[in-house]
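*Asks:* Handing you a structure now.
The values are calculated or read from the model by the stated rules, or taken from the named source; none is laboratory data. These numbers come from a predicted model, not from an experiment. Because the Cβ atoms are built from the backbone with ideal geometry, glycine has one as well, and the counts that use them run over all protein chains shown. Areas reflect the complete protein model, heavy atoms only, side chains present, ligands, DNA and RNA absent. Shrake-Rupley method; radii C 1.70, N 1.55, O 1.52, S 1.80 Å.
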Number of protein chains: 2
Amino acid sequence: MLTMVSKTRPAIRAKVRLEMVEAGARLCRQLGLPRSTGQIYGLLFLAGGPMSLDDIVGMLGISKASASTGTRQLTSWGAIRQVWVPGNRRDYFEVVADLGDLIRGSYENVIKPRLEATQRRLDGLLRALDHDAAEGLLDKDEAMVCAERIKYLARLHRKLQSALPLFEKLI
Amino acid sequence: MLTMVSKTRPAIRAKVRLEMVEAGARLCRQLGLPRSTGQIYGLLFLAGGPMSLDDIVGMLGISKASASTGTRQLTSWGAIRQVWVPGNRRDYFEVVADLGDLIRGSYENVIKPRLEATQRRLDGLLRALDHDAAEGLLDKDEAMVCAERIKYLARLHRKLQSALPLFEKLI
DNA sequence: CCGATCGTTCAAATTGAACTAAACGAATTA
DNA sequence: TAATTCGTTTAGTTCAATTTGAACGATCGG
């Protein structure tokens, strides 16, 4: 049976929500993340209740694929969570109220691993320097300059490593 | 008169410098900046002395255009500086030793303006909310939720604004 | 004044990432 | 079991942004 269905998609009516969606988009963009991910977060942040994938798709006018990957990303970061609506097998999403957890999580999951990677990289630089000095690829003066600069970086990095956890406590 | 010139360009021989160039490239990439800019900084960071544009071009194998814009960017940020080598009208560049100034500058020029923009945006959200409530675009419950969430964001933002300057002192 | 040497600017090309449409798979219902 | 309804995956497109080559302007030396 064929039925004619109106194709007008639901739209965001409230200005606040529009601005919030835009703000989320901008934020994600500045963080180098997909714009659509920020839109989803902005939408859910001021939503009246949980929204399904298709709700999100309809409201934002993005593809289902973007909505799917976006919600998965946000869920993995603990920014939104999946909620089950009784008697409905759709996935519904809502924002996680406490952003503090999100920030703490981003430190653990994003910042900290990156700091450790940098630490390893610094160690690698020192090893490479030894290697180059041994191979005669750097004369003594050059090796001295390199060593000094790298150690300066290491000091700075150590300061960062100790300051960031303290900073987190302030939030 | 025609002379046959060998086309082998000077290359980076020391491993340390190669890794440093790569590290700079990666860092800039993560900050959403051109890769070549990071390469230039990495190269200069472990250089034995000031380098000219053509030195940089030759060592990194990038175009002169990239080198020109990259050095200008880095100079504008105070990350590198121009030095004049007596009896030579070329531009020579070297890194600025103190990275502390660079960090402080980035707070003043990048972070702070962005925080202020966010503040304005938050105010805008509250105005939009009032408007929507007045127009009847949001029922009472929805308006309550929105107001609460936005105020929460504002509190968080205030914390950030007060914590960041303190954090900077630690670096 | 002419040629050469440098640095900058600009349009075009290349690259990389996000987005979409469509196919797919899983789960459910009739 | 066939038909539906969802969510995910993937291949291809689109779009933004870096990169580059080439032209330009400026400055110096002969």
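*Asks:* Being more than 11 Å from B:ILE40 (Cα to Cα) and within 8 Å of DNA strand D (Cβ to nearest atom) is the filter here; which residues of segment B:62-84 pass it?
*Replies:* Hits for segment B:62-84 are B:SER63, B:LYS64, B:ALA65.
*Asks:* In this structure, is A:ARG121 more than 20 Å from A:GLY32 (Cα to Cα) and assigned to a loop (DSSP other than H, G, I, E, B)?
*Replies:* No; evaluated as a whole, the condition is false for this residue.
*Asks:* Working only within segment A:67-90, note down all residues that are farther than 9 Å from A:PRO50 by Cα, in contact with a strand residue (DSSP E or B) (Cβ under 6 Å, 6 or more places away or on another chain) and not hydroxyl-bearing (Ser, Thr, Tyr).
*Replies:* A:LEU74, A:ILE80, A:ARG90
*Asks:* Mind counting the residues in segment A:132-147 that are more than 17 Å from B:VAL21 (Cα to Cα) and in a helix (DSSP H, G or I)?
*Replies:* Adding up the residues that qualify gives 6.
*Asks:* I'd like the full set of residues that are within 12 Å of DNA strand C (Cβ to nearest atom) and either open to solvent by 70 Å² or more (accessible area, probe 1.4 Å) or modelled with pLDDT under 95 (or both), limited to segment B:66-82.
*Replies:* B:THR69, B:ARG72, B:GLN73, B:SER76, listed by residue number.
*Asks:* Just one of B:LEU60, B:LEU43 is more than 13 Å from DNA strand C (Cβ to nearest atom), farther than 28 Å from B:VAL110 by Cα, open to solvent by less than 40 Å² (accessible area, probe 1.4 Å) and under 21 Å from the mean Cα position of the chain (by Cα); which is it?
*Replies:* Of B:LEU60, B:LEU43, the one residue that is more than 13 Å from DNA strand C (Cβ to nearest atom), farther than 28 Å from B:VAL110 by Cα, open to solvent by less than 40 Å² (accessible area, probe 1.4 Å) and under 21 Å from the mean Cα position of the chain (by Cα) is B:LEU60.
*Asks:* Identify the single condition in (1) open to solvent by less than 70 Å² (accessible area, probe 1.4 Å); (2) more than 9 Å from every other protein chain (Cβ to nearest Cβ); (3) not charged (D, E, K, R) that B:ALA134 does not satisfy, given that it satisfies every other one.
*Replies:* For B:ALA134, the failing item is (1).
*Asks:* How many residues, within segment B:85-115, are among the hydrophobic types (A, V, I, L, M, F, W, C), within 16 Å of DNA strand D (Cβ to nearest atom) and either touching a His at 6+ places or on another chain (Cβ under 8 Å) or not assigned by TED's automatic domain parsing to the domain that holds B:HIS157 (or both)?
*Replies:* Residues that pass the stated criteria total 1.
*Asks:* Right, next: Looking at B:ARG104 and the list (1) open to solvent by 40 Å² or more (accessible area, probe 1.4 Å); (2) in contact with a helix residue (DSSP H, G or I) (Cβ under 9 Å, 6 or more places away or on another chain); (3) free of Cβ contacts under 8 Å to residues at least 40 places away in the same chain; (4) more than 12 Å from chain A (Cβ to nearest Cβ), which single condition is not satisfied?
*Replies:* Unmet for B:ARG104, out of (1) open to solvent by 40 Å² or more (accessible area, probe 1.4 Å); (2) in contact with a helix residue (DSSP H, G or I) (Cβ under 9 Å, 6 or more places away or on another chain); (3) free of Cβ contacts under 8 Å to residues at least 40 places away in the same chain; (4) more than 12 Å from chain A (Cβ to nearest Cβ): (3).
*Asks:* Could I ask something else about it? Can you pull out every residue in segment B:83-115 that is away from DNA strand C (no atom under 16 Å from the Cβ) and at pLDDT 95 or above?
*Replies:* Listed by number, the residues that qualify are B:VAL95, B:VAL96.
*Asks:* Additional query: With the requirement that a residue be under 28 Å from the mean Cα position of the chain (by Cα), open to solvent by less than 20 Å² (accessible area, probe 1.4 Å) and within 8 Å of chain B (Cβ to nearest Cβ), what does segment A:137-167 give you?
*Replies:* Listed by number, the list holds a single entry, A:ALA163.
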